Structures are given as structure tokens and as C-alpha cells.
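Step one of this worksheet: look at the structure below.
The values are calculated or read from the model by the stated rules, or taken from the named source; none is laboratory data. Values in this document were obtained by computation on a predicted structure and should not be read as measured data. A quick note on method: Cβ atoms are made from the backbone with ideal geometry, for glycine too, and the neighbour counts reach across all protein chains shown.
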Amino acid sequence: MDFYVITLFPEMFESPFRGGMIGRAIEQRILAIHPHPLRPYGLGRYKQVDDAPYGGGSGMVMRPEPIAAAIDAVCAGHPALWKVLLTPQGEIFNQALAREFAAKTEGILLIAGRYEGIDERVRSMVDQEISIGDYVLSGGELAAMVVIEATGRLLAGVLGNPDSLKEESFAERTLEYPQYTRPEEFRGMRVPEILLSGDHAKIRAWREAEARRRTARRRPDLLERRKF
Ligand code: ADE
């Protein structure tokens with residue numbers, strides 16, 4: 001699967017994906033990341049990509065023409081790319097969206113905005129706007145990387161053990177149950193006896209109950225959402 005990224009900082013995409021699971025998937029050609037620099041599409045001698053806002057106010061706004069030209073250039077060779085603008089005003093990214101993105105076999109074009117804002121008319125050129133959370137980053141690059149990481153690991157062949165994806169899809173609606181590994185006792189804290197019992201039915205029931213209890217306490221909004 002191909003991820004194209006329009007960005008003023010293409011070099012930001014080099015090291016984060018060099019190692020680990022995504023790095024291996026890139027080597028195996030399961031996925032490819034293609035940063036596409038925005039600067040060459042800037043206007044005039046200084047390749048300007050932003051300007052002062054109409055109506056006044058502080059900060060600069062990204063002009064629409066360079067972004068439109070970059071989108072056209074990338075899409076000329078790949079007209080079926082799903083175009084996603086990263087912005088704090090977008091739909092909040094979650095595991096369900098990551099799964100939808102992983103099914104977009106034609107590839108995804110991520111557009112990372114910078115500066116204080118982006119000309120409103122850019123919104124008409126994309127298929128979807130995504131935010132990775134209710135906080136403001138200085139640009140969409142890190143958000144694009146989060147989307148690539150969460151989506152990429154769902155692609156067939158990326159995870160060593162596909163069973164862990166099945167477990168996650170249950171866990172999506174609740175937080176994860178408590179996990180333990182060796183030793184049986186650590187600084188006076190013992191592993192719950194039931195996990196050592198070998199009774200798999202009981203262990204499953206215990207894990208589900210713990211997951212639900214933890215979710216009710218920490219993230220009741222997830223249980224609410226489950227009803228709909
Ligand atoms: N750009 C700036 N802040 C962002 C956020 N929270 N999510 C996506 N893109 C952003």
C-alpha cells in the first residue's frame with residue numbers, strides 16, 4: 001500500500017520508519033511512504049506557500065495554489081488516491097478509521113498543513129479531514145505519521161502474529177485487561193492465581209470482567225459508545 005505525503009518537511013519522514021515493524025514492512029514492499037515536498041510549488045522567487053489572512057489577525061495562512069498544484073501532481077499518476085487533510089478540525093482518528101484506511105488499496109495521500117492555518121478552499125480538494133486528538137501541533141506531519149503507523153500495522157503480513165489483531169478488535173471497545181509475565185512474584189506483587197490455574201474458560205471470563213471494570217473506571221465513554 002502506498003502512502004503519499006505532501007509536506008514542507010519531507011525529511012521528517014525518514015528516520016521514524018527506518019526501524020521496527022513498519023521499517024520491515026517497507027523492506028518487504030508491503031507498504032511504501034512517498035514524501036512529496038510542497039516547497040517547489042510555492043509562488044514567486046521565494047517559493048512562498050503562505051500569506052497574511054484576509055480580514056486581518058495574527059499568523060499566516062497557507063495559500064491554496066501550492067497545495068492544489070501538489071495534489072494535482074501526485075494524483076496525475078495515481079487518480080484513485082484517498083485524499084486526507086490533517087488538521088485539528090478533522091474527524092478524530094481511531095482504530096475503526098485505521099481499519100478503513102488499511103482497506104484503501106489504491107493508496108492514501110496525506111496532506112500536512114503547517115503554520116496557523118490553511119485556506120478554507122483547500123478543504124474542497126480532499127476526501128476527508130482527520131485530527132489525531134484535541135490538541136494543536138505545529139503541523140500535520142506527526143499526525144500523518146500516526147496515521148501511517150496505525151494503518152500500516154493492520155496490513156496483511158506486517159504483524160508477526162495475526163491473532164493479536166483479533167484480540168485487539170475485541171479490546172477496541174474496552175481497554176485491555178491486565179497482563180502479566182514472569183516472574184510470579186515481583187517486589188511483593190503476585191500474579192493473580194487464576195492466570196496460573198490453566199483453566200482457560202475461567203481465565204477468559206476474568207480477563208473480560210477486568211477489561212470491563214477498568215474501562216468503566218477510566219474510559220466510561222467507550223462503554224457508552226458501544227450501545228450505539
Ligand atoms: N495539525 C495540527 N494539529 C493537528 C492534530 N491534532 N491532528 C491532525 N493534524 C494537526
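Some notes on this structure:
- Check on Ala143, within 25 Å of Arg24 (Cα to Cα), within 16 Å of the ligand (Cβ to nearest atom) and either modelled with pLDDT of 95 or more or assigned to a loop (DSSP other than H, G, I, E, B) (or both): yes
- When we screen Pro16, Pro79, Pro40 for residues that are assigned by TED's automatic domain parsing to the domain that holds Val136 and surrounded by fewer than 10 Cβ atoms within 10 Å (Cβ to Cβ), the only hit is Pro79.
- Scanning region 75-82 for residues that are at pLDDT below 95 and part of a helix (DSSP H, G or I) turns up at least one hit.
Let's see how each residue does on (1) more than 16 Å from the chain's Cα centre (by Cα); (2) touching a residue at least 40 places away in the same chain (Cβ under 8 Å); (3) at positive phi:
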{"site": "Ser124", "(1), (2), (3)": "yes, no, no"}
{"site": "Gly133", "(1), (2), (3)": "no, yes, yes"}
{"site": "Met145", "(1), (2), (3)": "no, yes, no"}
{"site": "Glu172", "(1), (2), (3)": "no, yes, no"}
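- Here Ala73 meets each of (1) more than 22 Å from Ser138 (Cβ to Cβ); (2) within 16 Å of the ligand (Cβ to nearest atom) with one exception, condition (2).
- Listed by first and then second residue, the pairs linking a residue in region 89-117 that is over 20 Å from Arg153 (Cα atoms) to a residue that is assigned to a loop (DSSP other than H, G, I, E, B) and near the ligand (Cβ under 10 Å from one of its atoms), with Cβ atoms under 8 Å apart and 6 or more places separating them unless they lie on different chains, are Ile111/Gly140; Ala112/Gly140; Gly113/Gly140; Arg114/Ser138; Arg114/Gly140.
- Scan of region 124-140 for residues that are within 25 Å of Ala68 (Cβ to Cβ) and within 9 Å of the ligand (Cβ to nearest atom), ordered by number: Glu129, Ile130, Ser131, Ile132, Val136, Leu137, Ser138, Gly139, Gly140
- Single residue of Arg45, Arg63, Arg121 found to be in contact with a helix residue (DSSP H, G or I) (Cβ under 6 Å, 6 or more places away or on another chain), more than 13 Å from the ligand (Cβ to nearest atom) and farther than 30 Å from Glu27 by Cβ: Arg121
- Whenever a residue of region 21-34 is under 13 Å from Ala156 (Cα atoms), its partners that are loosely packed, with under 13 Cβ neighbours inside 10 Å, lying with C-beta atoms within less than 6 angstrom and at least six residues away or across chains, give the pairs Ile30/Gly157.
- Inside region 103-117, residues that are surrounded by fewer than 22 Cβ atoms within 10 Å (Cβ to Cβ) and either touching a Gly at 6+ places or on another chain (Cβ under 8 Å) or assigned to a strand (DSSP E or B) (or both) make up a count of 4.
- No other residue among Ser164, Ser138 is among the hydroxyl-bearing types (Ser, Thr, Tyr) and outside the structural domain of Arg29 (by TED's automatic domain parsing) apart from Ser164.
- So Ala69, is it assigned to a helix (DSSP H, G or I), touching a residue at least 24 places away in the same chain (Cβ under 8 Å) and over 30 Å from Glu168 (Cβ atoms): yes
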